[in-house]
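Peer 1: I have a structure here, written as structure tokens, and I will follow up with some questions on it.
Only the coordinates and a few stated rules stand behind these numbers; no lab work does. Treat the numbers as computed from the prediction; the structure is a model and nothing was measured. No Cβ is skipped: glycine too gets one built from the backbone with ideal geometry, and neighbour counts run over all protein chains shown.
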Amino acid sequence: MIRLCCFLAICTALAACSSPPRGKPAGRAEDPTTTTRSERGSAQISIQALTEASDQVAQQLSADLNVIPELNQGYRTTVVFGDINNKTGIVPTTDFEAFRANTRAKLMQSRSLLVKVRWVESRARVEQIAAREQSPGADNSLPPLNPAYTFFLNGDMYRVDRNDGRANYYTMTYNLTNMASGEIVWNSSPYEIKQVR
């Protein structure tokens with residue numbers, strides 16, 4: 001009996017040694033769109049709302065690209081990220097830029113859209129990378145864009161707050177603006193959300 005008890009104690013000790021130690025859970029949400037307790041207490045727009053707005057814009061632009069006359073004239077248009085007009089007062093512009101980049105990533109998954117549209121990184125960023133990677137004295141300038149066929153994807157973000165920031169109404173829209181004329185040729189439906197904390 002004593003041998004059996006010793007054997008079981010040794011097996012238990014060995015089993016405990018073989019399993020890795022476990023720390024406290026970090027509290028990380030499995031789904032990035034899950035709203036956490038700390039987010040519910042924030043007046044800033046939720047991650048879930050930014051994700052939904054990004055999906056909505058990607059779906060609308062994907063559906064509308066075939067019917068926008070300015071983008072269906074037999075040439076491949078160029079779309080460049082334009083301005084983010086952030087009038088929220090509390091949400092960093094980088095939050096909106098991140099989700100606008102998600103919109104581009106979703107649209108670039110469609111081969112049929114890439115036949116019609118080419119997405120171009122900002123000239124300053126490309127020239128900076130080229131200057132860093134090429135030999136000194138190399139010509140880093142990019143060929144000019146044709147303004148008639150180039151459009152900027154701009155965003156307008158607004159917040160209306162009530163009750164000392166306890167109730168916040170957000171609206172976000174995107175538009176395609178022609179580089180040559182400044183004409184807005186496409187506008188997304190507004191994404192609107194009211195958040196109460």
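Peer 1: Efficiency by 1/(1 + (r/R0)^6): what FRET value for ASP139 and SER42, r their Cβ-Cβ distance, R0 = 35 Å, to the nearest 0.05? List each step's numbers first, then the result.
Peer 2: On the way: r = 48 Å, r/R0 = 1.36.
With R0 = 35 Å, the Cβ-Cβ based efficiency is 0.15.
Peer 1: If you place +1 on the Cβ of every Lys and Arg, -1 on the Cβ of every Asp and Glu, and leave all else neutral, what size is the dipole of the range 89-148 about its Cα centre, to the nearest 20 Debye? Intermediate values should be presented prior to the final figure.
Peer 2: Details: 9 positive and 6 negative charges, 75 e Å.
Approximately 360 debye in magnitude.
Peer 1: Sequence neighbours fewer than 8 away in the same chain don't count; with that in mind, list the aspartates and glutamates whose C-alpha is under 15 Å from LYS194.
Peer 2: GLU39, GLU52, ASP161, ASP164
Peer 1: Between SER189 and ALA130, what is the FRET efficiency for a Förster distance of 35 Å, r being their Cβ-Cβ separation, to the nearest 0.05?
Peer 2: Details: r = 38 Å, r/R0 = 1.08.
So the FRET efficiency works out to roughly 0.40.
Peer 1: Rounded to whole Hz and in sequence order, give me ³J(HN,Hα) for the range 172-186 from the Karplus expression 6.51 cos²θ - 1.76 cosθ + 1.60, θ = phi - 60°, writing x for Gly and Pro.
Peer 2: Result, ordered by residue: 9, 9, 10, 9, 9, 10, 5, 5, 6, 9, x, 6, 7, 9, 7 Hz.
Peer 1: Oh, and also: Cα-based Rg (one decimal) and Dmax (whole number) for the range 96-164, in Å?
Peer 2: Spelled out, the Cα radius of gyration and Dmax of the range 96-164 are 17.3, 59 Å.
Peer 1: Check each of the trypsin sites (Lys or Arg not before Pro) in the range 82-174 and keep only those in coil by DSSP with at most 13 other C-beta atoms within 10 angstrom; list them in order. Before the final figure, lay out the partial values.
Peer 2: Numbers: sites: LYS87, ARG100, ARG104, LYS106, ARG111, LYS116, ARG118, ARG123, ARG125, ARG132, ARG159, ARG162, ARG166; in loops: ARG166.
Counting only loop positions with at most 13 other Cβ atoms within 10 Å, the trypsin sites (Lys or Arg not before Pro) in the range 82-174 are ARG166.
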